[in-house]
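The values are calculated or read from the model by the stated rules, or taken from the named source; none is laboratory data. What you see is a predicted model; the values in this text were computed from it and never measured. Note that each Cβ is placed from the backbone with ideal geometry, even for glycine, and that neighbours are counted across all protein chains shown. Protein only, heavy atoms only, side chains kept; ligands, DNA and RNA dropped before computing areas. Shrake-Rupley method; radii C 1.70, N 1.55, O 1.52, S 1.80 Å.
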Amino acid sequence: MEQAKLNAYCQQHFDQEPIMVRAAGRINLIGEHTDYNNGFVLPAAIDKAIYLAIIKRNDNKIVLHALDVNDTFTGSLDKLERTKQHWPDYLLGVVQQLQQGGHIISGFECAFCGNVPLGAGLSSSAALECATVFGLNELFSLGLGRKEMALLSQAAENQFVGVRCGIMDQFASMFGKKQQLIKLDCASLEYEYIPFNFDDVNLVLLDTQVKHSLASSEYNTRRAECEQGVAWVKAHHPHVNSLRDVNMDMLDAYVKGKNATVYNRCRYVVEEIQRLQDACIDLQNDDLTAFGKKVFATHEGLDKLYNVSCPELNWLAEFAAGENGVLGARMMGGGFGGCTINIVKKTAVPALLERAAAGYKQQFNTNLKAYVTSIEDGCRTVNNLVNN
């Protein structure tokens, strides 16, 4: 539907055939708060995406159309600066990074729309950045590889938009493959695909629709607590540079007696890094039940040790654990709101959605949003539908 909407706009407003790109949102099955500790993450691209159409101009102007909010931005390649509208910043940041990298582009016009829910932790911003760089790479034959484009998109968000995100979101959008998870080493950016080929299962996101103000400040606090634990271990083991290099014996010896909070934070991360690696083995053995138990365990750790959950997330995770057909459930993302991700037998999805909505409304007097997703390909060009 989004692609058809975009095509209709292009037919009416563009004077040439555009390049059209689909860039997916993402989920992360397991491996939360491990990215900035040089651990592993296990994301995947999903069937919710940004669609972007792009054409060349004969001048230095940049003209951007956000169809979903019916808004337009006009600027220049010669003067890139953050906007009051905010949404153009994700595209302009990509242009700035290309220019800083010495890549030559001329003016362009693009339009985009999508069905990645905003504010649900599915990385709509990363999808937009990836769609932009992928489209510009195709339009101007820049010869960029996917890893380079993912890093460039991350840099755009870090440096132009001003959000200190890790690489996972952009990497998943760029490298996603249908029915495959990406085991990404956040230290080296080496990756491998892990099969998730379970036709009888859906991935269901239950959206609390809350975002507590603690999220950004507590995120920085967690990073500092992890870094403190590393420093205490490093004093005895000089080779240790992150929690990736730490084991539980080290934590027990050098952190546990000093500060209980720092110990709990570090313990969660060390356990989660190992849990993800064990979970990948479960999937390679087609053991989704064992995998799901580790997903439940991740939520327990995020709540009790890392303390980034909230009552709404806990209620949804505990509710799901008692439902037939739910193999795993946990909070997903930075914490203090957003979605839970649930691994659910397809036959059990309708009952889960109905019961969860009713219970959540009764408990919190809030309507529950739900998204049923599947794992799809990441960033790619798509055919124009004009002649279809």
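For the stretch 180-321, taking Cα atoms only, Rg and Dmax work out to 16.9, 50 Å respectively. In the chain, the longest principal axis of the Cα atoms and the axis of helix 2-13 are about 20 degrees apart.
Between helix 88-100 and the chain there is an angle of about 80 degrees, using the helix long axis and the longest principal axis of the Cα atoms.
If a/c stays under 1.5 just call it rounded; otherwise compare a/b with b/c (prolate if a/b is bigger, oblate if not). Do that for the stretch 1-94, with a ≥ b ≥ c from the square roots of the Cα gyration tensor eigenvalues. Oblate is the answer for the stretch 1-94, as a/c is 1.5 or above yet b/c matches or exceeds a/b. Counting only DSSP H runs of at least 4 residues, each contributing -39500 (n - 2.57), and dividing by the residue count of the chain, the helix-based mean residue ellipticity at 222 nm comes to -13000 deg cm²/dmol. Between Asn365 and Ala321, the modelled label-to-label distance comes to 2.8 nm, taking each label 7 Å out from Cα in the direction of the beta carbon.
Once you've got the Cα coordinates, tell me which of Lys5/Lys345; Lys5/Lys79; Lys211/Lys304; Lys147/Lys234 are over 29 Å apart. As for pairs spanning more than 29 Å Cα to Cα, those are Lys5/Lys345; Lys5/Lys79; Lys147/Lys234.
Looking at the stretch 34-136, the trypsin sites (Lys or Arg not before Pro) that sit in a DSSP loop and have at most 14 other Cβ atoms within 10 Å of their own Cβ are Arg57, Arg82, Lys84. For Cys165, Cys113, the ranking by accessible surface with the largest value first comes to Cys165, Cys113, using a 1.4 Å probe.
Sorting 35-41, 5-11 by average packing, meaning the other beta carbons within 10 Å per residue, from highest down gives 35-41, 5-11. The dipole here belongs to the chain: it is taken about the Cα centre, uses +1 on the Cβ of Lys and Arg and -1 on the Cβ of Asp and Glu, and is about 440 debye. Compared with the dominant Cα axis of the chain, that is its longest principal axis, helix 146-155 is turned about 80°. Just the protein heavy atoms count here, and of the accessible area of the chain at 1.4 Å, carbon and sulfur take up 45 percent.
Shape class for the stretch 212-291, computed from the alpha carbon gyration tensor (a ≥ b ≥ c): oblate, with a/c not under 1.5 and a/b at or below b/c. Bridge orientation summary for the chain: considering DSSP beta bridges with both residues in this region, about 90 percent are antiparallel.
Remark: the chain projects, on average over all directions, an area of 20.3 nm² (convex hull of Cα atoms).
When the chain is treated as a GNM with alpha-carbon contacts under 10 Å, the residue of His103, His33, His86 showing the greatest mean-square fluctuation is His86.
Entry for the stretch 256-388 at q = 0.09, 0.10, 0.16 Å⁻¹: log10 I(q)/I(0) = -0.35, -0.42, -0.91, Debye formula applied to identical alpha-carbon scatterers, no solvent contribution. The Cα trace of the stretch 76-199 gives Rg and Dmax of 14.9, 50 Å, the first to one decimal, the second as a whole number.
Averaging the sequence gap over all C-alpha pairs within less than 8 Å and six or more residues apart, then dividing by the number of residues, gives the chain a relative contact order of 23 percent.
Modelled label positions at Gln100 and Thr221, each set 7 Å beyond Cα in the direction of Cβ, lie 3.1 nm from each other.
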